[in-house]
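Single-structure report; data block below.
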Amino acid sequence: MSVWDDVVGQEAVVARFTEAARAARVAAEEREGRLTASDIGSATAPGAGSAAALQGAEPAIAPGADVGSEEAASLAEDGRAQPQPVRPQRNTSLTEGVSQSERTGQPEGANQSGDGIPRPAPARPRNPRPEASAMTHAWLVTGPPGSGRSVAARAFAAALQCTGPTPGCGRCKPCRDVMSGTHPDVVRLATEKLLITMEEVKGLIGEAQRRPWTGRWRVILVEDADRMAERTTNVLLKSIEEPPPQTVWLLCTPSADDVLPTIRSRCRLVTLRVPPPDAVAELLVRRDGADPALAARAARASQSHIGLARHLATDPGAWERRRRLLMSPVSLRSVGDAVLAAADLVDAAESEAKDATVERDARERAALLRALGLEGDARVPPSLRAQVRALEEDQKRRAKRARTDVLDRAMIDLLSFYRDVLATQMGSDVERVNVDLEDELDQVAATTGPEQSLARIAAIEECRARLRSTVSPLLAVEALMVALRPQA
């Protein structure tokens with residue numbers, strides 16, 4: 001058992017993160033060795049600073065951050081060597097920026113031969129230990145939806161905190177705490193709203209400035225970095241560019257283009273691939289106890305989307321709802337039928353979203369009222385209504401996000417259906433996604449042409465874009481159903 005067990009079909013990513021965790025462990029042990037053996041000992045000398053000050057004395061230069069002349073002058077006045085600018089595309093070491101005097105115990109430029117002739121210090125190789133360049137302070141984890149970006153990032157956070165024989169052992173207490181979400185040095189942000197707010201980002205920046213409580217690193221994990229507005233992302237720039245020496249940022253997005261270039265250039269990119277269906281099915285059997293045949297069918301129908309596959313494998317009514325959705329455009333005969341089908345789809349999405357949030361909303365409201373000293377159906381005083389109203393607004397935004405996610409999942413299912421239709425019309429030998437709808441696929445493929453299938457795929461993609469905007473969901477789905485009619 002290890003923290004990487006649920007990162008399925010990502011062998012290259014696991015190997016890269018494991019190597020980085022090993023390099024981080026070596027750097028942490030060297031830092032701790034310097035503090036205990038020399039720095040803390042010298043702190044007792046007359047005129048020496050405190051041990052806490054020595055612990056923060058190691059300079060850390062962010063990959064891609066150029067040190068200006070004013071900052072270099074201030075560093076020189078402090079008696080520290082001026083760090084050299086490092087470009088993000090180069091492999092930088094965690095020990096980059098440590099001066100010669102810190103490494104050798106002798107002043108900068110000191111003559112090493114002892115013959116009294118001043119000579120410049122020998123050039124230091126860029127990477128004295130190649131393995132140290134595997135680790136950096138900021139990572140951008142990308143991959144298609146359902147590939148396991150957040151799972152991989154959380155496993156990497158556990159490997160950084162691991163105290164077992166191998167980083168990410170999964171058995172030590174730090175690994176268990178990180179995977180259960182209770183480790184004090186791993187701060188996780190995963191919004192259930194449409195956007196990450198400025199207040200949440202400022203809270204992350206404050207957390208990033210803290211020293212680790214129990215672990216070796218302070219890890220800030222943002223699972224939905226693509227849900228930050230440009231103005232909000234700019235607030236993070238300084239913290240990601242020049243974090244404290246023991247802080248690591250992990251940002252997760254579907255694509256590298258979902259964040260600003262200034263953020264992207266300061267992070268090391270790790271891209272996950274679409275996992276194989278067999279690997280997803282094996283995960284469902286092992287983790288969720290699904291039937292092997294049902295798990296394989298769900299992995300194929302979800303196109304290896306781990307979350308959707310789990311939904312299909314564990315929800316008894318999911319297959320019937322999916323079948324009704326895919327067959328509804330085929331049975332449309334008029335614009336009136338399209339309007340009614342759109343209303344049914346939106347109502348079903350709202351009902352499913354409500355079922356997923358109503359119990360939680362009631363529990364949160366009861367907890368807030370209890371914290372305010374109110375019980376039951378007691379009237380809320382005017383002075384406390386603002387707090388209750390803020391909670392209700394958050395719950396509305398969360399319900400909107402849940403409804404949008406349900407509708408987007410329906411759009412993905414429709415895309416898979418017309419993808420199979422188009423592949424059949426073009427004579428492609430690719431394996432079908434909807435293997436349980438063979439007859440219906442053949443019938444639609446025989447009665448329409450490739451041009452119609454492409455037009456319907458484009459209409460579905462346009463509807464997905466509209467659902468992510470401020471357009472009314474009912475109007476967006478109505479326009480889609482009209483375009484999907486057989487007569488269209």
If I compute solvent accessible area with a 1.4 Å probe over the protein chains, what percent of it on region 298-427 is carbon and sulfur?
53
Theoretical FRET efficiency, 1/(1+(r/R0)^6), r = Cβ-Cβ of T262 and R210, R0 25 Å, to 0.05:
0.55
Place a +1 charge on the Cβ of each Lys and Arg in region 223-311 and a -1 charge on the Cβ of each Asp and Glu, then give the dipole magnitude about the Cα centre in debye, rounded to the nearest 20.
100
Ignoring ligands, DNA and RNA, how do M135, M327 rank by accessible area with a 1.4 Å probe, largest first?
M327, M135
Report the accessible area of E359, computed with a 1.4 Å probe over the heavy atoms of all protein chains in place, in Å² rounded to the nearest 10.
130
So what's the gap between the Cα centers of region 1-31 and region 363-390, to the nearest angstrom?
46
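Over 32 Å between C-alpha atoms is what I'm after, so list which of K202/K396; K238/K354; K173/K396; K173/K354 land there. If you can, show how the numbers build up before the last one.
Numbers: K202/K396 23 Å; K238/K354 39 Å; K173/K396 38 Å; K173/K354 37 Å.
Those over the limit are K238/K354; K173/K396; K173/K354.
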Among residues other than M228 whose Cβ falls under 11 Å from its Cβ, what is the net charge (Lys/Arg +1, Asp/Glu -1)?
-3
Give the separation of the Cα centroids, region 448-479 to region 150-204, in Å.
37
Evaluate the distance, in nm, between pseudo-label points positioned 7 Å from the Cα of A343 and of T314 along their respective Cα→Cβ axes.
3.5
Tally Lys and Arg at +1 and Asp and Glu at -1 over the other residues with C-beta under 11 Å from the C-beta of V444: what net charge comes out?
-3
Specify which residue in the list A362, L372, M411 is farthest towards the positive end of the charge dipole of region 356-488, using unit charges on the beta carbon of Lys, Arg (+1) and Asp, Glu (-1), about the Cα centre.
L372
Jot down the radius of gyration and Dmax of region 345-454, Cα atoms only, both in angstrom.
23.3, 69
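What does the charge add up to near I457, with Lys and Arg as +1, Asp and Glu as -1, over the other residues with Cβ less than 14 Å from its Cβ?
-2
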Lys/Arg Cβ at +1, Asp/Glu Cβ at -1, dipole of region 164-312 taken about the Cα centre: which of P243, A295, G307 is farthest positive-ward?
P243
Show the residues, 5+ positions off or on another chain, whose built amide H is closer than 5 Å to the amide H of T271.
T142
Which far-off residues, 5 or more places away or on another chain, put their amide H under 5 Å from the one on W139, with H placed in the peptide plane?
W249, L250, L251, R268
Restricting region 364-400 to GluC sites (Glu not before Pro) in coil, as DSSP defines it, with at most 12 other Cβ within 10 Å
E375
Area accessible to solvent at R176, 1.4 Å probe radius, in Å²
130
Once you order the gyration tensor axes a ≥ b ≥ c over the Cα atoms, which shape class does region 172-254 get: rounded for a/c under 1.5, otherwise prolate or oblate by comparing a/b with b/c?
oblate
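The values are calculated or read from the model by the stated rules, or taken from the named source; none is laboratory data. Quick caveat, the model's predicted, so the values are computed rather than measured. Because the Cβ atoms are built from the backbone with ideal geometry, glycine has one as well, and the counts that use them run over all protein chains shown. For the accessible areas, the whole protein counts, side chains as well, though only heavy atoms, and no ligand, DNA or RNA atoms are used. Shrake-Rupley method; radii C 1.70, N 1.55, O 1.52, S 1.80 Å.
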